[in-house]
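What follows draws every value from the coordinates through simple rules; no lab data is involved. Bear in mind that the values here come from a model prediction, so they are computed numbers and not experimental data. Using ideal geometry, Cβ is built from the backbone for each residue, glycine included, and neighbour counts are taken over all protein chains shown.
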Amino acid sequence: MQIHVVRPGDTLYKLSQSYNLPVETIASDNAISDPSRLVVGQALVIAITGSYYWVSPGDSLYIISQRVNVPVDVLMQVNNIQNPNQLPVGLRLYIPPRPRPTKEVAAYIDTQTTRERTGEEVRAVGDQLTYLNIFSYAVDANGNLTAPDDEPAIIAAYEHNVAPLMVLTNFADGTFSQDIATAILNNPAIQDTLFANALSIMEEKGYRGIDFDFEYVGGENREAYNAFVAKAANFFQPNYFVSSALAPKLSTDQVGTLYEGHDYAAHGRVLDFVFLMTYEWGWSGGPPMAVSPINEVRRVLEYAITQIPRDKIMMGIPLYGYDWTLPYVPGGQWARVVSPVRAVELALQYNARIEYDYVAQAPYFNYWDEQGRQHVVWFEDARSIQAKFNLVKSLGIRGFFYWALGPDFPQNWLLVEDNFTVVKQV
């Protein structure tokens, strides 16, 4: 798989000639509605086996081999290079594909958001998933569960050998409730009721595991939450996977209600795996920035591997971006969610050039709307996703997951297939 960043003068016809692929294939793989128009700075995936590299001034075969992680002798052989010291600028080198590591891939799906499209969303990407985290069964203070419309998701998951996971949350009235968490985590009888209710549903509907997404539990409930997940593991394992979703922490004693109740080491000891929510640095109510900047994600994971076994860590990836109206005012207008495909359409609509932040490894652009208001859009593209995949490989963690299915992003799923062999647990 090649990632090509559109330059001035590029057209799909020219790219089809360069890569020997039909225009229709490139347009379809990148959800390009108007093949006659491209956005400068737009990242395209080119579905070829391996990739190409064009020699630049100052390049040597050794430098290129280090950059693409392919030995010099292999580059010489596949490109029929007789003299490695004579590489003309502009020469196209073929880079053979590398072995694909085996990883697990999960995705959350919010059935309230996808509604009648739920089954369709799962079927579209099911071949690239190990688990489907169905969001969510809301837990009340007595251990009772409010069920989502999960049947379409479960049916579609099994059609693609994806293991459905039952997500339990302390979610009520549109937010996470610390009061509900406190009631459950400090009452063994309520926990017994909760586990019995969950098990009954899991057996009836065919869930393969349970995922606890208890957020904003607070530092006062930290030890109680640790004891709770240990009790849950003892109750459900080994017949079911048991996991939790944890906030993106940088230290054990990180301050904040979101962080203080989540103990990486304790959850890592007893659970099968954990989902680290490495996104929402840029969020709809906050100042504009990348949603999942790679430098911040790396910091979280580097801390996590000191607390949790690598083979239990799942890294979070967002399938969306945000469009902020400027100037940003705290407490003012919230940013709207945009899919990666919609972000590029906006750039095309307003003749914006897509820029790329190499520290955050994330694309962004500015535009002015019809009312004369300035906007900035941060989103994900093929480059930012590849950077995250490279981090998964370099750290050797279990795999990664997405929040959440729904936004249109076909490039991502092509890159999953190109980078990894996806484990199936069904």
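Numbers for the structure displayed
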| read-out | value |
| --- | --- |
| Highest-MSF residue in the chain out of Asn226, Asn295, Asn133 [GNM, Cα springs under 10 Å] | Asn295 |
| Helix 382-395 vs. the chain, principal-axis angle (Cα, 0 to 90°, nearest 10) | 60 degrees |
| Where labels lie 7 Å past Cα in the beta-carbon direction, separation of Lys393 and Arg37 in nm | 3.6 nm |
| Most mobile of Asp29, Asp127, Asp59 in a GNM of the chain (Cα contacts under 10 Å) | Asp59 |
| Set of lysines with alpha-carbon distance to Lys249 below 24 Å, sequence-local pairs under 8 removed | Lys103, Lys231, Lys312, Lys388, Lys393 |
| Environment charge at Glu204 (Cβ cut-off 13 Å; Lys +1, Arg +1, Asp -1, Glu -1) | -2 |
| Within region 194-214, backbone nitrogen closer than 15 Å to the virtual label 7 Å beyond the Cα of Gln237 toward Cβ | 209-212 |
| Per-residue ³J(HN,Hα) for region 93-101, Karplus 6.51 cos²θ - 1.76 cosθ + 1.60, θ = phi - 60°, Hz, x for Gly and Pro | 9, 8, 9, x, x, 9, x, 8, x |
| The chain: Cα Rg divided by the 2.2 N^0.38 Å rule of thumb | 1.05 |
| Environment charge of Gln425, counting only residues whose C-beta is closer than 13 Å and scoring Lys/Arg +1, Asp/Glu -1 | +2 |
| Rg [Å, one decimal], Dmax [Å, integer] - region 309-374, C-alpha atoms | 15.1, 52 |
| q = 0.10, 0.12, 0.13, 0.20 Å⁻¹, region 172-307: log10 I(q)/I(0) [Debye, one scatterer per Cα] | -0.36, -0.51, -0.60, -1.26 |
| Scattering curve values for region 13-156, log₁₀ I(q)/I(0), Debye with Cα scatterers, q = 0.15, 0.18 Å⁻¹ | -0.95, -1.11 |
| Per-residue Cβ neighbour rank within 10 angstrom, fewest leading, Leu75, Leu250 | Leu250, Leu75 |
| Helix 222-236 vs. the chain, principal-axis angle (Cα, 0 to 90°, nearest 10) | 90 degrees |
| Long-range HN-HN contacts of Ala245 with modeled amide H, under 5 Å | Phe212, Asp213, Phe214, Phe275 |
| Surrounding net charge for Ile81, when Lys and Arg each add one and Asp and Glu each subtract one, Cβ distance under 14 Å | -1 |
| Convex hull volume per residue for region 2-95, taking Cα atoms only, in Å³ | 106 Å³ |
| Using a Förster distance of 51 Å, the FRET efficiency for Val68-Asp179 (Cβ separation, nearest 0.05) | 0.40 |
| Aspartates and glutamates with Cα under 19 Å of Lys14, excluding same-chain neighbours fewer than 8 positions away | Glu24, Asp29, Asp34 |
